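Novice: Provided herewith is a single structure, encoded as structure tokens, for subsequent inquiry.
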Amino acid sequence: MASRRGQMLDGVLLLDKPEGLSSNHALQRAKRTVDARKAGHTGTLDPFATGLLICCFGKATKISAAMLEADKVYEATLTFGEETDSGDLTGHVTARAPEDFAGVDAQALEAALAPFRGEIEQIPPMVSALKRDGRPLYEYARQGIELERPPRRIVIHALDLLACEGRSARVRVHCSKGTYVRTLAQDIGRRLGCLAHLSALRRTAVGPFLIEQAVGLEALQAMEAPVTALIPLHALPDGLRPAGVSTEENIL
């Protein structure tokens, strides 16, 4: 019989995180559902965001560092005409486009996207977990304090326009680690001259893992044997299997 602390499970769960849950809450629900003892995830999604959350159990937590370094792919919705202090829909509006702003056409947006492709510099937002003097920046932001932040080098491998509807647009972003998509949205709005913020975000890939391989939290909880949703260590892609695990070995 498994202890109340859970079973010693080793494997990776590709979870499609629902909107409204923090990454940790989603992880903890998945952990309880599969009855695992040890769990972690490889990169936070904001509560309003959805999509691929890689949950690692037992020995699979050893891949966390490698996955934090991995490229990621997002589908982002930008709303034009308003900028917020957080860069996304959770913040307070700090500036608006003129009242006669009628929207953005696709041609102008395509032209505005071009300078953001490739290696660029990005200033991290104040509403972030980056630390200064041992404190995360968001704590300073809550006190109304804005600090100088040095720009960081990131790479936007691809930035594709999926839809443009005047006051909003959807883009696909394939980016390196350390990229803030809400800052990208804000910077695009500034380049257009109409301002913008991130109003929806969905992560569709992390390294070799795709959202099409993921399971929703409700679907996981409805499974008769949810542990079968885990990818065993031997089945992980090359370069991610922990040392000593062969492709023939079933750890689950």
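The values are calculated or read from the model by the stated rules, or taken from the named source; none is laboratory data. What you are looking at is a predicted structure, and each value in this text was computed from that prediction instead of being measured. Quick reminder, even Gly has a Cβ in these numbers, built from the backbone with ideal geometry, and neighbours come from all protein chains shown. With ligands, DNA and RNA removed, areas are computed over all heavy atoms of the protein, side chains included. Shrake-Rupley method; radii C 1.70, N 1.55, O 1.52, S 1.80 Å.
Novice: Using the heavy atoms of the protein chains alone and a 1.4 angstrom probe, what is the accessible area of the range 1-145 per residue in square angstrom?
Specialist: Values: 7450 Å² over 145 residues.
I get 51 Å² per residue for the range 1-145.
Novice: Among 30-41, 212-223, 145-156, how do they line up by average Cβ neighbours within 10 Å per residue, starting with the highest? Could the numbers behind the result be given before it?
Specialist: Numbers: 30-41: 19.2, 212-223: 14.2, 145-156: 12.3.
Sorting 30-41, 212-223, 145-156 by mean packing, highest first, produces 30-41, 212-223, 145-156.
Novice: So, one more: How much FRET efficiency would the formula 1/(1 + (r/R0)^6) give for HIS157 and PHE48, where r is the Cβ-Cβ distance and R0 is 25 Å, rounded to 0.05? Could the numbers behind the result be given before it?
Specialist: On the way: r = 24 Å, r/R0 = 0.97.
The pair HIS157/PHE48 has a calculated efficiency of 0.55.
Novice: If you don't mind, there's one more thing I want to ask. May I ask you to give the percent of accessible area on the chain that is carbon plus sulfur, with a probe radius of 1.4 Å? Please list the in-between numbers first.
Specialist: Values: 6220 of 12940 Å².
The C+S portion of the solvent-accessible surface of the chain is 48 percent.
Novice: Could I ask something else about it? How much length is gained if the chain between ALA222 and GLU121 is pulled fully straight, taking 0.36 nm per residue apart and subtracting their Cα-Cα distance, in nm to one decimal?
Specialist: On the way: separation 101, 0.36 × 101 = 36.36 nm, distance 4.43 nm.
Full extension of this stretch gives 31.9 nm more.
Novice: Calculate the FRET efficiency for ALA95 and TYR140 from the Cβ-Cβ distance with a Förster distance of 25 Å, rounded to the nearest 0.05.
Specialist: On the way: r = 21 Å, r/R0 = 0.82.
Efficiency computed from Cβ-Cβ geometry: 0.75.
Novice: Related question: Stick to Cα atoms and the Kirkwood definition of Rh, then tell me Rg/Rh for the range 13-78. Present the calculation step by step, with values, prior to reporting the outcome.
Specialist: Values: Rg = 11.9 Å, Rh = 12.3 Å.
Rounded to two decimals, Rg/Rh equals 0.97.
Novice: How much length, in nm to one decimal, is gained on full extension between HIS25 and ARG190, taken as 0.36 nm per residue of separation minus their Cα-Cα distance?
Specialist: Values: separation 165, 0.36 × 165 = 59.40 nm, distance 3.42 nm.
In short, 56.0 nm is gained.
Novice: How long are the semi-axes of the equivalent ellipsoid of the chain, defined as square roots of 5 times the Cα gyration tensor eigenvalues? Whole Å, largest first.
Specialist: Numbers: eigenvalues 265, 72, 61 Å².
After scaling each eigenvalue by five and taking roots: 36, 19, 18 Å.
Novice: When you count, for each residue, the other Cβ atoms within 10 Å and take the mean per peptide, how do 113-122, 66-75 rank with the highest first? Display every interim value, and only then the final one.
Specialist: Details: 113-122: 14.2, 66-75: 17.2.
Final packing ranking: 66-75, 113-122.
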